[in-house]
Amino acid sequence: MEADTAAESGASVEVGYNSVFERLVDAAEGDAATLVGLVAYGLYKIGKREWALSVRQASGHPPTREDLAAYAQAQTQTVLDSYRSKANEIVASYATAVLESERPNVLAEAIRGSFMRSFWPSFAASVAFAAILSLIVVIAAINGFGIPIEWPAHHRVAPPVQR
């Protein structure tokens, strides 16, 4: 575990350095891949801790440097891929849980936000249009303009006949 700590803290790399972190976490792959790699590394460290505790229980002393080197060597690409796969599941499950818990808030905000954003501008435009149209009619009436309505002859009512 000491070799891991020295390398991870940026100290000079010792002989027998454990490169599991670099094999799991590649920041060049982007934020999502880095997150998955960090979770995978956490899973590796959990497994390593469980292994170290079992060695201590079985032998009565902590793992030696040789034991630690052997454990690191046992981390084949298949084992690391299984850590990554489990990390993908954990991150996806967490993301789904967060989305599901926020869904009611997002929907409420979308409905409230879209209604208010569209209602008030439309209402203001309608009021402005009605005011402008009313102003045009008033100005036309004041100036004597009107719309002459001529009824066709067959629609006219004949005056009542007087006897």
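The values are calculated or read from the model by the stated rules, or taken from the named source; none is laboratory data. A quick note: this is a predicted structure, and the numbers were derived from the prediction, not measured. Virtual Cβ from ideal backbone geometry, glycine too; neighbours counted across all protein chains shown.
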Exactly one of Ala92, Ala97, Ala58 is more than 22 Å from Val36 (Cα to Cα), loosely packed, with under 12 Cβ neighbours inside 10 Å and at pLDDT below 95, and that residue is Ala58
Scan region 56-107 for residues that are aromatic (Phe, Trp, Tyr) and within 37 Å of the chain's Cα centre (by Cα) and jot them down. Tyr83, Tyr94
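Residues are listed down the side, and each one gets a yes or a no for (1) within 24 Å of Asp81 (Cβ to Cβ); (2) assigned to a helix (DSSP H, G or I); (3) out of contact with any His (no Cβ under 8 Å at 6 or more places or on another chain); (4) of a type in the set (Gly, Ala, Ser):
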residue: Tyr17; (1), (2), (3), (4): yes, no, yes, no
residue: Glu22; (1), (2), (3), (4): yes, yes, yes, no
residue: Ala28; (1), (2), (3), (4): yes, yes, yes, yes
residue: Ala32; (1), (2), (3), (4): yes, yes, yes, yes
residue: Gly42; (1), (2), (3), (4): yes, yes, yes, yes
residue: Glu50; (1), (2), (3), (4): yes, yes, yes, no
residue: His61; (1), (2), (3), (4): no, no, yes, no
Could you please tell me which pairs satisfy a Cβ distance under 6 Å, a separation of 6+ or placement on different chains, a first residue in region 76-90 that is part of a helix (DSSP H, G or I), and a second residue that is of a type in the set (D, E, K, R) and crowded, with 16+ Cβ neighbours inside 10 Å? Leu80/Arg23
Residues being assigned to a helix (DSSP H, G or I) and out of contact with any Lys or Arg (no Cβ under 8 Å at 6 or more places or on another chain) - total across region 63-75: 8
Identify all residues within region 46-89 that are within 18 Å of Tyr17 (Cβ to Cβ) and of a type in the set (Phe, Trp, Tyr); write none if there are none. Tyr71
Residue list for region 107-144, restricted to those being assigned to a loop (DSSP other than H, G, I, E, B) and either surrounded by 10 or more Cβ atoms within 10 Å (Cβ to Cβ) or at pLDDT 70 or above (or both): Asn143
